[in-house]
């Protein structure tokens, strides 16, 4: 088995271990934990592209839990995606939607395909065929997909069009992350980054004397990294370091995030921006107040966790800290705001789009921002109380809150 595939399989094992540990802390019956560890449904499909040759791809949709409402989670395209990975990610979506107080369960879809080798017409045919095989298990009241890794608003546009064509229902709530022309919302691009910035500010206000002047390092300058940096700078934080896949930049007096973005858009990298040039590894170990890993999984691991100097880490990406690194950092007293809270702004934005489509409403950008900020504050408030009650770290407290809401809802429905 390839290393990447093994890591994806291990993600599922990791989620099972986390769930069982939370079950023990909460004193849950073993049958309940077992039930939560198994998805309610996993659908497998075979997608074929017919031309001079026939290209065949395998895909899945995992519908983990619907105790709180319709399944909700993205569809990803990746050449090494596995069924176990999709199941694990659907579990994470259950907890993320729960902790945010949203009326959604958890779902996730994946297609084992390399999108870089597809033409645009082929990409359209692939997503339409995927929906054609899945549509009976989709819909605004049942399962609501969204963009994820290597998928975007255009792909959601084709998906919702195919769903409407097959069902005869003009149901734009069946997919979120759509272009604004198809009843999407304009905040999709920055919802996650706004959420990251908001939880950072909330913690800093309570325990660090405020966000103003706090030195912040951003690892990853994609959509999440850029918008996290942008909003934090607007809040008064001092963004001193930024990196992307090619390297990083440092200015202890503070970087102008807008100018870095303009440079990055022009040259497709932040490397060589007029500031001190540093490596990605150096950025992770800078003596800053706040570190936001917003790139890929596992960038903070057992090899470098001892060298991390930040007092607070906010997980902008999914799973940027390995299990061993998490243990090391906790022992060192580093506070970690976990991904299921920190980067949940995106799913809140999806909720607003879904709800807006349901009622046929029109919502202004500032109102969406207000909803995201309020939801993040409510979730952080609940988690902070749980950390005190259980004397736990934030990751454990977030999971306790998430699992508790799902279990209570499921029991009421029995």
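Side notes on the structure shown:
- Placing pseudo-labels 7 Å out from each Cα toward the beta carbon at residue 393 and residue 31 gives an inter-label distance of 3.4 nm.
- Under 11 Å from a label point set 7 Å out along the Cα-to-Cβ vector of residue 413, the amide N atoms of the stretch 69-94 belong to 69-71.
- Projecting label points 7 angstrom from Cα along Cα→Cβ for residue 268 and residue 40 puts them 4.4 nm apart.
- What the Cα atoms of the stretch 218-302 give is an Rg and a Dmax of 11.5, 36 Å.
- The chain, helix-only ellipticity at 222 nm - DSSP H runs n ≥ 4, -39,500 (n - 2.57), divided by all residues, nearest 500: -15500 deg cm²/dmol
- Cα-derived Rg over Rh, computed across the stretch 191-342 with Rh taken as Kirkwood radius: 0.93
- All-pairs alpha carbon distance profile, the stretch 159-267, 5 Å steps from 0, percent: 2, 11, 18, 17, 13, 10, 8, 8, 6, 4, 2, 0
- Shape call, the stretch 139-203: gyration tensor on alpha carbons, a/c limit 1.5: prolate
- Length added when fully stretched, residue 189-residue 170, from 0.36 nm per residue minus Cα-Cα: 4.4 nm
- Shown here are the Rg and Dmax of the Cα trace of the chain, at 20.8, 65 Å.
- Rel. contact order, % - alpha carbon contacts under 8 angstrom, at least six apart, the chain: 14
Laboratory data are not the source of any read-out in this text; all were calculated from the coordinates shown. What you see is a predicted model; the values in this text were computed from it and never measured. Here the Cβ is made from the backbone with ideal geometry for all residues, glycine too, and neighbour counts use every protein chain on show.
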